[in-house]
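As structure tokens, the structure follows; a few thoughts come after it.
The values are calculated or read from the model by the stated rules, or taken from the named source; none is laboratory data. These numbers come from a predicted model, not from an experiment. Please note: Cβ atoms are built from the backbone with ideal geometry, for glycine as well, and neighbour counts cover all protein chains shown.
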Amino acid sequence: MGTVIASFIFFLIIFVIIGVSSSMKSKKNNSDYLMAGNSISPWLAALSAVATNNSGYMFIGLIGFTYTSGLQSIWLMIGWILGDLAMAKYVHKKLRGKSGKLNILSFGGILARWNGTEYNNLRKIVGVITVLFLGIYAAAQFKAGSKALYVLFGWDYSVGAIIGAIIVFAYCLSGGIRASIWTDAAQSFVMIFAMIMLFVVGVNSVGGLSEAYTKLDAVSPTFLSVMPTGLALDNGFGVFLFILGWFFAGFGVIGQPHIMVRFMSIDDTENMKKTQTYYYSFYIIFTILTYGVGLLSRIILPESASFDAELALPSLSQMLLPDILIGVVLSGLFAATMSTADSQVLSCSAAITRDILPKNENVYFTKIATAVVTLIALAVALFGGKNVFELVVLSWSVLAASFGPLLFVYTLNKKVSETTGIIMILGGLATVFIWRAMGLSGTFYDVGPGIIAGLLLFVILSKTSLNKNI
């Protein structure tokens, strides 16, 4: 056990050193702290975006879902990646160009000032939604890390969350988004190495790929079927809605401030295509490995009523790997949670200092906001309920449905009044909660109805006087 802890701590120290060392390039201003002075190279931005997007949701939530549901869970990522790719064509390059031209440092600023406007009420609403739901999202990352330490070391759930929060705060405080991006890149390599290693060892432990397939096929008649089961509508239309829902989840990437800021921070608008090539290549490779490990965990780990499927990854590593490599996997899991949590904490800091409160150019005020957000997210992780998967799915839905439709409409060169923009945001958000309250999320993932509602509201309102006061 001592070797596991030593290996784990070694990699965590490396991440902290990388993050803190970024302060040597810091220019001690908000532009550098929140946007790295728009100087990030394509490969760094891409690796950071993938690490931020995948997070503890991939390592904990998706592996657990695959353990339970089998190969049908692949539609989550197929829909997600295709939806993300479809929106990238319209949004990424225009977003970078607009944020650079207007020197915008927050996601709320983009939505409020896209067409040369200054929508202060809309900006405050975006800021509040960002802080509330990105804060919940960050809490989910701390919770994911705490689950791993509980399995491997028997430590209380609070320990992992506290360690993660301290480390995230340490390098966010020192280098801001540059620290976040640098450590994301380092964490990406550890994450991919950990997954490759676990997949290879797992395949060998069950006697090879052919034997793994035979054993997986024996789990249940539907375990290796890509056809979704257990849907509220058990027919072809129900399958279509299930898949379409996850396509809208990918669409909703453009509504996630912590991911979009990566594309806003690259060094040149003309480098966007190169950034996207790196981003989707790494994303697809990592997703395939995640599904492989999730499937293998089902035949290696015994299923029981008391087993928490979200603990499959740390349990699998504990069973198959020598101590030093368990530490590597654990650090990879922590890397995933931190790479998202740090991004979300910084986006919340930007929302507080640039959107909600009167602008304060003192970077130390922004760092105080970072400390406050980190403490609140930690408190939610320690005392809040729900599992990682549920927290992420809820937060993703709200942010996607609130912000995605408005940003998409902007990139189509449409004019939007402040009133129309606010109604679109609140309409999308309300639709998510109404859809959930009606128990329809099992039929069609609520992010889809939320996004559709936002777009429909624009179409309707664009024909009225509410959209004329631009």
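Tabulated data
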{"quantity": "Check on Leu333, crowded, with 24+ Cβ neighbours inside 10 Å, under 24 Å from Leu12 (Cα atoms) and modelled with pLDDT under 85", "calculated": "yes"}
{"quantity": "So Ala161, is it within 19 Å of Val393 (Cβ to Cβ), buried (at least 24 other Cβ atoms within 10 Å of the Cβ) and either in contact with a strand residue (DSSP E or B) (Cβ under 8 Å, 6 or more places away or on another chain) or small (Gly, Ala, Ser) (or both)", "calculated": "no"}
{"quantity": "Criterion: surrounded by fewer than 19 Cβ atoms within 10 Å (Cβ to Cβ), under 23 Å from the mean Cα position of the chain (by Cα) and in a helix (DSSP H, G or I) - qualifying residue of Ile352, Ile324, Ile376", "calculated": "Ile376"}
{"quantity": "Where Met424 falls short, out of the listed (1) part of a helix (DSSP H, G or I); (2) on the phi > 0 side of the Ramachandran plot", "calculated": "(2)"}
{"quantity": "Any hit, the range 340-348, residues being closer than 21 Å to Lys28 by Cβ, part of a helix (DSSP H, G or I), within 15 Å of the chain's Cα centre (by Cα) and aliphatic (A, V, I, L, M)", "calculated": "yes"}
{"quantity": "Helices (runs of 4 or more DSSP H) (entirely within the range 104-205) containing at least 1 residues that are aliphatic (A, V, I, L, M) and in contact with a Cys (Cβ under 8 Å, 6 or more places away or on another chain)", "calculated": "120-153, 157-205"}
{"quantity": "Residue match in the range 86-105 (condition: out of contact with any Asp or Glu (no Cβ under 6 Å at 6 or more places or on another chain), closer than 26 Å to Ala377 by Cα and β-branched (Val, Ile, Thr))", "calculated": "yes"}
{"quantity": "So Ser146, is it surrounded by 23 or more Cβ atoms within 10 Å (Cβ to Cβ) and among the hydroxyl-bearing types (Ser, Thr, Tyr)", "calculated": "yes"}
{"quantity": "Of all residues in the range 190-226 being touching a residue at least 12 places away in the same chain (Cβ under 8 Å) and small (Gly, Ala, Ser), the one that is farthest from Ile14 (Cα to Cα)", "calculated": "Ser220"}
{"quantity": "Selection status of Ser73, in contact (Cβ under 8 Å) with a residue 12 or more places away in the chain, out of contact with any Asp or Glu (no Cβ under 6 Å at 6 or more places or on another chain) and either surrounded by fewer than 17 Cβ atoms within 10 Å (Cβ to Cβ) or among the basic types (Lys, Arg) (or both)", "calculated": "no"}
{"quantity": "Test result for Ala179, more than 22 Å from Thr340 (Cβ to Cβ), buried (at least 20 other Cβ atoms within 10 Å of the Cβ), among the small types (Gly, Ala, Ser) and out of contact with any Lys or Arg (no Cβ under 8 Å at 6 or more places or on another chain)", "calculated": "no"}
{"quantity": "Filtered residue count, the range 357-371, keeping only those that are touching a residue at least 40 places away in the same chain (Cβ under 8 Å) and more than 15 Å from Lys28 (Cβ to Cβ)", "calculated": "1"}
{"quantity": "Residue in the range 300-308 that is in contact (Cβ under 8 Å) with a residue 12 or more places away in the chain and surrounded by 22 or more Cβ atoms within 10 Å (Cβ to Cβ) present", "calculated": "no"}
{"quantity": "Some residue of the range 156-166 being charged (D, E, K, R), more than 22 Å from the chain's Cα centre (by Cα) and on the phi < 0 side of the Ramachandran plot", "calculated": "yes"}
{"quantity": "Odd one out for Ala369 among (1) modelled with pLDDT of 80 or more; (2) within 17 Å of the chain's Cα centre (by Cα)", "calculated": "(2)"}
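So that you can scan it fast, the table gives a plain yes or no per residue for (1) over 24 Å from the mean Cα position of the chain (by Cα); (2) at pLDDT below 95; (3) assigned to a helix (DSSP H, G or I); (4) surrounded by fewer than 20 Cβ atoms within 10 Å (Cβ to Cβ):
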site	(1), (2), (3), (4)
Ala381	no, yes, yes, no
Lys386	no, yes, no, yes
Glu390	no, yes, yes, yes
Val398	no, yes, yes, no
Thr419	yes, yes, yes, yes
Arg436	no, yes, yes, yes
Phe444	no, yes, no, no
Val459	yes, yes, yes, yes
